[in-house]
Amino acid sequence: MSIRLLGVDGPVSAGVGVTLVCMVVGARPEPTVTWWLDGRPLTARDERMLQNNVTESHLVLVATPEDQGRYLSCRAETPGLLQSSLEDGMKLVVHCEYWYSIPWNFLPISAFSPSYDFNSFKREVSRHFSFNFR
């Protein structure tokens, strides 16, 4: 029996659905396939037995920025067989885009020292995030 997680070859985009497939080959009787994200169960879209002892389970994953680094896996267990549990998985890499617009009059100028360099602040923040300073 073998198991493979298919559908993710690299980073996923936050907020965009990705269809994943857990393919189990060589299991008889038909295995039970479950999906997990950091040890928490997820709900699969469907599971079906194909020809030649191949079972597929499909999951639509819509990652969030908080899923970055979490472990996504699928497990297959064949009822009635000892040590019949197999798992395949990966750590998620989630890409996301943030866009904020901060009006300068929103920042409490009195909270900064008179010598504070706001241009330096804008450059430093822009290196890490996409901000639009008005």
For PRO31, which of the numbered conditions (1) open to solvent by 50 Å² or more (accessible area, probe 1.4 Å); (2) within 12 Å of ARG75 (Cβ to Cβ) fails to hold?
-> (1)
What residue, of GLY10, GLY26, GLY15, is loosely packed, with under 12 Cβ neighbours inside 10 Å and either assigned by the TED database to the domain that holds ALA76 or touching a strand residue (DSSP E or B) at 6+ places or on another chain (Cβ under 8 Å) (or both)?
-> GLY10
Residues that are among the basic types (Lys, Arg): which strands (runs of 3 or more DSSP E) entirely in the stretch 6-99 hold 1 or more of them?
-> 40-42, 46-49, 71-77, 86-91
Close pairs from the stretch 31-52: first assigned by the TED database to the domain that holds ASP88 and of a type in the set (S, T, N, Q), partner open to solvent by 80 Å² or more (accessible area, probe 1.4 Å) and in a strand (DSSP E or B), Cβ under 8 Å, at least 6 apart = THR32/GLU77; THR34/PRO41; THR34/GLU77
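The values are calculated or read from the model by the stated rules, or taken from the named source; none is laboratory data. The structure presented is a predicted model; accordingly, all values stated were derived computationally and were not measured. Virtual Cβ from ideal backbone geometry, glycine too; neighbours counted across all protein chains shown. When the accessible area is computed, the model is the full protein with side chains, heavy atoms only, and any ligands, DNA or RNA have been set aside. Shrake-Rupley method; radii C 1.70, N 1.55, O 1.52, S 1.80 Å.
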